[in-house]
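Notes for the one structure printed next.
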């Protein structure tokens, strides 16, 4: 890992197009300003971590019980027992959905990110003393 | 990377025993980067049946007992507009919104199931290549949106 020392208001430039500026420090916090083209995603590491943890929690074994337990006829009010799993009948086999069939009734808009560079300020916890990690 | 000839081989996927359904190559969803935390799992099949609507089952192709319950976000929140990063749009080859299938992962927890709106899975409807994207406006969305607020008529 490259470790650089910077003072407040000093920058780091990555790939000639991404500017990371130390905006200020407050105790344990370093406030960073990041200026990057719109096609460069900038997120806190925690965003990846929490989605990853959520995915792991969402991993489900066995489709029918899982899907029916959320798709079931009712979401029982809190305090009542959940509906018993339904034994799938042989007459209602599930089939792979051909891509030609629109399975998403209405597609949410996927706006294209604006081309203009954006400045984002991301407070992050202060890292260890420079040179402390490899 | 060798490209499988389409229609030359059918793979059988195990569902709940004893059903076995042929999975055609054109039904396989490829996620070159996997899902976050499941980077090594790149092939999925999307299954659904009418009585489970609006939920679908994103099943691991090579591990049929494992998968994710997913749902179209339009069934969950009326105004879900994740701003998909341009790099992802390019990587998926999506030209306009109609090319995209958007699915969100459901965490099944009995009566308190939730939908992850922070990490939508975006799939190119034509190529069936997908990716779990982190929207530019990810901060606007909850990780665990309660599913009890589903505006569905069951």
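Averaged over peptide B:103-115, the number of partner chain Cβ atoms lying within 10 Å of each residue's Cβ comes to 5.
Taking 0.36 nm per residue of sequence separation and removing the Cα-Cα distance, the residue A:7/residue A:44 pair yields an extension gain of 11.1 nm. Peptides B:119-132, B:38-51 ordered by packing proxy, namely the average of other Cβ atoms within 10 Å per residue, highest first: B:119-132, B:38-51. The smallest convex shape that holds all Cα atoms of the stretch B:56-154, its convex hull, gives 115 Å³ per residue.
If you take the square roots of the eigenvalues of the alpha-carbon gyration tensor of the stretch B:28-112 and sort them as a ≥ b ≥ c, do you get rounded (a/c under 1.5), prolate (a/b over b/c) or oblate? Oblate, since a/c reaches 1.5 and b/c is not below a/b.
Using a 10 Å cut-off around each Cβ of peptide A:30-41, what is the average number of partner chain Cβ atoms that fall inside? Don't skip to the end; give the middle numbers.
Details: counts 0, 0, 0, 0, 0, 0, 0, 2, 5, 7, 3, 9.
For this peptide, the per-residue mean of nearby foreign Cβ atoms is 2.
Per-residue mean of foreign Cβ neighbours for B:66-72 is 6 (Cβ atoms of other chains, 10 Å radius).
Every read-out reported here was derived from the displayed coordinates using simple, explicitly stated rules and does not represent laboratory data. This one's a predicted model, so the numbers in the text were calculated from it and none came from an experiment. All Cβ positions, glycine included, derive from the backbone under ideal geometry; neighbour counts span all protein chains shown.
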